[in-house]
Amino acid sequence: TKHGRSGSAKLDGGKAYYTWVAIKSRCLSSGNNRYARYGGRGISICDSWRDSFEVFLSDMGDPPTGAHSIDRIDNDGDYCVSNCKWSTQSEQANNKSSNRVIELDGVSKNLQQWAGDLGIKRETIARRLNSGWEVRYALSSKPPRIRTPLGEFNSLSQAAKAHNMSISGMHGRITKDAYPEFIKLR
């Protein structure tokens, strides 16, 4: 209580204090239910922060809003001033180690970022990639046209439906040399 940030002060400047307590617990206390994802995998807290809330507060300041929480820039790095920032929930979601990172033309973004930038549903991109689509087609708002023995189609799903096949089965046909009558046009 010497710093006036604990107790019921969560809404009045106390969020920084509770963040500091939570960081210490998940990095240092094997009894914490999140320890395995932090201290248990080698994530630590710098000595100056571990030993002093005042140093943590001086380095980080208060979060800009109640919607901000502490975020490590490098997910595999420690909690220290050079690796931490206050972020919103959506900013943190883009920095998760479990994110699927996709590269196209030298640009790397996670699946959600590509979806937001391109205006394509994240699930659509994921389904395309999981079906074996090339990245450039999976991230395109205009999927490749398909030519099959039954004609030309504007999408893989149209071609699959016309041939009474699954989408993945149709994809297999157009990507294998064994079926030259099934081809992508763009």
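Remind me, relative contact order of the stretch 85-165 in percent, using alpha carbon pairs under 8 angstrom and six or more residues apart?
Taking the mean separation of contacting Cα pairs over the length of the stretch 85-165, I get 15 percent.
Calculate, for the stretch 1-135, the solvent-accessible area per residue in square angstrom, rolling a 1.4 angstrom probe over the heavy atoms of the protein chains.
Counting only protein heavy atoms, the per-residue value for the stretch 1-135 is 58 Å².
In Å, what Rg and Dmax follow from the Cα atoms of the stretch 14-91?
11.7, 31
Give me the Kirkwood hydrodynamic radius of the stretch 136-185, using the inverse of the mean 1/r over all pairs of distinct Cα atoms, in Å to one decimal.
Radius from the Kirkwood sum: 10.7 Å.
For Rg/Rh (Cα atoms, Kirkwood Rh), several values are listed as (1) 1.01; (2) 1.21; (3) 0.94; flag the one computed from this structure.
Only one option fits the structure, namely (2).
Using a basic spin-label model with each label point 7 Å from the Cα along Cα→Cβ, how many nm lie between ARG100 and ARG34?
Distance between label points: 2.6 nm.
Specify the inter-centroid distance of the stretch 26-105 and the stretch 133-184, based on alpha-carbon positions, in whole Å.
44
Which whole-number percentage describes the relative contact order of the chain, with Cα contacts under 8 Å and a sequence gap of 6 or more?
Relative contact order here is 10 percent.
Share of the chain's accessible area from carbon and sulfur, percent, 1.4 Å?
The nonpolar share, carbon plus sulfur, comes to 46 percent.
What are the trypsin sites (Lys or Arg not before Pro) within the stretch 27-117 that DSSP puts in a loop, where the Cβ has at most 11 other Cβ atoms within 10 Å?
LYS96
Charges at C-beta only: +1 for Lys and Arg, -1 for Asp and Glu. How large is the resulting dipole of the stretch 29-134 about its Cα centre, in Debye rounded to 20?
640
Over 29 Å between C-alpha atoms is what I'm after, so list which of LYS24/LYS96; LYS85/LYS109; LYS15/LYS109; LYS85/LYS142; LYS96/LYS176 land there.
The pairs that break the limit, which is 29 Å between Cα atoms, are LYS15/LYS109; LYS85/LYS142; LYS96/LYS176.
For the stretch 42-146, what is the relative contact order in percent, using Cα pairs closer than 8 Å and at least 6 residues apart in sequence?
Once divided by the residue count of the stretch 42-146, the mean separation gives 17 percent.
Would you work out the charge dipole size for the chain about its Cα centre, treating the Cβ of every Lys and Arg as +1 and the Cβ of every Asp and Glu as -1, and quote it to the nearest 20 debye?
That gives the chain a dipole magnitude of about 780 debye.
Can you name the helices of the chain, as whole DSSP H runs, whose Cα span along the helix axis is 15 Å or more and whose Kyte-Doolittle mean is not below -0.5?
For the chain, where a helix must reach 15 Å along its axis and average at least -0.5, the hits are 15-28.
Once you have the Cα-Cα distance between ARG127 and VAL55, take 0.36 nm times their residue separation minus that, and quote the gain in nm to one decimal.
21.2 nm
Could you work out how much longer the chain between LYS176 and SER108 gets when fully extended? Use 0.36 nm per residue separation minus the Cα distance between them, nm to one decimal.
Result for the pair: 21.7 nm of gain on full extension.
The values are calculated or read from the model by the stated rules, or taken from the named source; none is laboratory data. On a predicted model such as this, the values are computed, not experimentally measured, just so you know. So basically every Cβ, Gly included, is an ideal-geometry build from the backbone, and we count neighbours across all protein chains shown. Keep in mind that these areas ignore ligands, DNA and RNA; they rest on the heavy atoms of the full protein, side chains included. Shrake-Rupley method; radii C 1.70, N 1.55, O 1.52, S 1.80 Å.
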